[in-house]
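Encoded as structure tokens, the structure appears first; notes follow it.
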Amino acid sequence: MDIYQKIDQLAKSIHDETVALRQDFHTYPEIGWFEMRTSAIIARHLTELGYEVLTGRRVCQADCRMGTPDPDALSAHYERICHQNTPMEFVSEDIRKGFTGVIGILRCGEGPVVALRFDIDALPMTENPGCDHRPTREGFASRNPGWMHACGHDSHIAMGLGTAWVLMQIRGELHGTIKLIFQPAEEGARGAKSIAAAGHLDDVDYFAATHIAPDNSIDDGDITPGTYGSLATTKLDVEFQGLAAHAGGYPEKGLDALQAAAHAAVALAGIPRNSGGMSRINVGTLHAGSGRNVVPDHAVMELEVRGETTEINTFMAKRAGEICESAARMTGCTCGIRVVGEAPSQVSDLAFVERIRDMILRHFPQYKVSTVYNSKNWGSEDIGFLMERVQAHGGQAVYMRTMTAMPSAQHTTAFDLDEKALDKGISVFAGIVYDVMNHSMLS
């Protein structure tokens, strides 16, 4: 039997198990840096398969993690996972402290190093409780209030674990080293930078990842082998500090932090557009004050900027910081600015994209390649840090899309997906690994 046919048959043979995994992760979603149960289950599966497994501080460089949660919140979630069928023997002290994420390594002798990335975090959303929503109707809707897999990362994890199993079945045909990176905290662009900084990509020759996407989008196939141009972004928390005073009796003794934040919010919208490409600015939240008769002494603003290129995003972030600091000075207040997430723009290597396209056309004809096989991306994605790290030393990287039917758009409370996408994702990932390990195009 042709090895690619064997890979596809292996992927389909574990369809029920892969779906069960996806639905289990959907039932117990965990947002960024809280992925304790998720990491433990991934680590258990990879260990049982025979992979070398890295967890805890061995995955992410501590000082490059962004937007990390309060220790008390982590402790509370740890208590919760103790009652959610978690393999507690895989929950280390590091994982309890929010050092989530897992890397599985399979060494198959001499050959190229191939890395595959799968993001694992959920979103802070409340899932649709209506019976018209399949996860609710079939009993696998979120049991963690306020958290939901509304972007499909649950399916990415299942693809990753399914790929891990298939690769182990064809291990004798592989030549090189495989790294399966299960990345925490993609949402908010908080996790990838710390994985890159830890050096895991520094010896990688080929890097591939995918994101599920709606099949009614501009992509007209089952697989889009490459994407480019995701918006670079910076996420900022800005804290304004003033001085409280009685608003009726001694207003002149106060320094109004709310006023400073309001001035900043209005001025931020006036950052000039950029001739080099598109830019974005959004103030998402503003919390301030303690009562109608008290001059507000504290305000916190959450905002983000984006740019078509990393350079435009840098311009936007610099101007946003200057505006916030100027608004604070204008009102006699102070402000502190904290970067809680960031991502550069990303670009797939066209030679690798075309190689994957040709492999699918030749060996997986049952899966259609999108007509535009290197498509412009949307939104922002911190995968750019991982891709840049590989490309910096001459390696090649691609970020694909895997299409599937969706009853509702991603990042909505009614999100779900057609789980047949899991099979083709596993087949393509395993096919890529086999192809580059047996026909490397790098000297």
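The values are calculated or read from the model by the stated rules, or taken from the named source; none is laboratory data. As the structure is a computational prediction, the values presented were derived from the model and not from experiment. Here the Cβ positions follow ideal geometry from the backbone for every residue, glycine too, while neighbour counts run over all protein chains shown. Note: areas computed on protein heavy atoms with side chains; ligands, DNA, RNA excluded. Shrake-Rupley method; radii C 1.70, N 1.55, O 1.52, S 1.80 Å.
Counting only C-alpha contacts under 8 Å and six or more residues apart, can you give the relative contact order of region 264-362 as a whole percent?
Relative contact order comes out at 23 percent.
Which whole-Hz ³J(HN,Hα) couplings does region 55-65 yield from phi under the Karplus relation 6.51 cos²θ - 1.76 cosθ + 1.60, θ = phi - 60°, glycine and proline marked x?
So the Karplus estimates, Gly and Pro as x, are 9, x, 5, 6, 8, 10, 6, 4, 7, 10, 6 Hz.
Amide H of T177 versus every other amide H placed in the peptide plane: which residues, excluding those fewer than 5 positions away on the same chain, fall under 5 Å?
Residues meeting the criterion, in which the H sits 1.01 Å from N, are C108, V113, V114.
Within the set K97/K318; K12/K368; K179/K424, which residue pairs have Cα atoms separated by over 22 Å?
Over 22 Å apart, Cα to Cα: K97/K318.
Kindly list the residues of region 176-217 that lie in the label zone of V372, defined by a backbone N under 13 Å from the point 7 Å along the Cα-to-C-beta vector.
217
Express the relative contact order of region 338-443 as a whole percentage, based on alpha carbon pairs under 8 Å and six or more residues apart in sequence.
Relative CO of region 338-443 lands at 27 percent.
When the helices in the chain are scored as -39500 (n - 2.57) per DSSP H run of 4 or longer and the sum is shared across all residues, what 222 nm value do you end up with, to the nearest 500 deg cm²/dmol?
-11000 deg cm²/dmol
Residue by residue, what Karplus-based ³J(HN,Hα) values in Hz, rounded to whole numbers, does region 154-164 have, using 6.51, -1.76 and 1.60 with θ = phi - 60° and x for Gly and Pro?
Whole-Hz 3J(HN,Hα) from phi for region 154-164: 4, 6, 5, 4, 4, 4, x, 6, x, 4, 4.
Tell me, Kirkwood radius of region 174-310 from alpha-carbon pair distances, in Å? Write down the numbers at each step before the final one.
Numbers: mean 1/r = 0.0515 Å⁻¹.
Value: 19.4 Å, from the Cα pair sum.
May I ask for the net charge around V347, where only other residues with Cβ less than 13 Å from the Cβ of V347 are counted and Lys, Arg are +1 while Asp, Glu are -1?
Details: positive: K376; negative: E308, D349, E381, E388.
With Lys, Arg at +1 and Asp, Glu at -1, the neighbours total -3.
Suppose each label sits 7 Å from its Cα in the direction of the beta carbon; what would the K253-I3 distance come out to in nanometres?
8.0
How much of the DSSP beta bridge set in the chain is antiparallel, as a percent to the nearest 5?
Values: 46 of 70 bridges.
Roughly 65 percent of the beta bridges in the chain run antiparallel, per DSSP.
Assuming R0 = 35 Å, can you tell me the calculated FRET efficiency for the pair H15 and S75, based on Cβ-Cβ distance, to the nearest 0.05?
The formula returns an efficiency of 0.40 here.
Skipping prolines and chain starts, which residues have an amide H placed within reach, meaning under 5 Å, of the one on M400, given they are 5 or more residues away or on another chain?
A209, T210, H211
Run the numbers for T412 and S92: contour at 0.36 nm per residue of separation, minus the present Cα-Cα distance, in nm.
Separation in residues times 0.36 nm, less the Cα-Cα distance, equals 111.9 nm.
All other residues with a Cβ under 11 Å from the Cβ of A197 taken together, and with Lys, Arg as +1 and Asp, Glu as -1, what is their net charge?
Within the 11 Å Cβ shell, the charges total +1.
Within region 244-274, name every residue whose backbone N is under 16 Å away from a label modeled 7 Å from Cα of N293 along the Cβ vector.
Hits in region 244-274 for N293 at 16 Å: 245-252.
Mind checking the full-extension length gain between R134 and T314? Use 0.36 nm per residue of separation minus the Cα-Cα distance, one decimal, nm.
Residue separation times 0.36 nm, minus the Cα-Cα distance, leaves 60.6 nm.
For region 353-404 and region 240-308, write down the distance between their C-alpha centroids in whole Å.
41
So what is the relative contact order for the chain, in percent, with contacts set as C-alpha pairs under 8 Å and at least six apart? Display every interim value, and only then the final one.
Numbers: 1021 pairs, mean separation 98.2, N = 443.
The value is 22 percent.
Full-extension gain between R362 and D63, please, as 0.36 nm times their residue separation minus the C-alpha to C-alpha distance.
Working: separation 299, 0.36 × 299 = 107.64 nm, distance 4.49 nm.
Between R362 and D63, full extension yields 103.2 nm more.
Could you work out what % of the accessible surface of the chain is carbon and sulfur, using a 1.4 angstrom probe and leaving DNA, RNA and ligands out of the count?
Carbon with sulfur: 51 percent of the solvent-accessible area.
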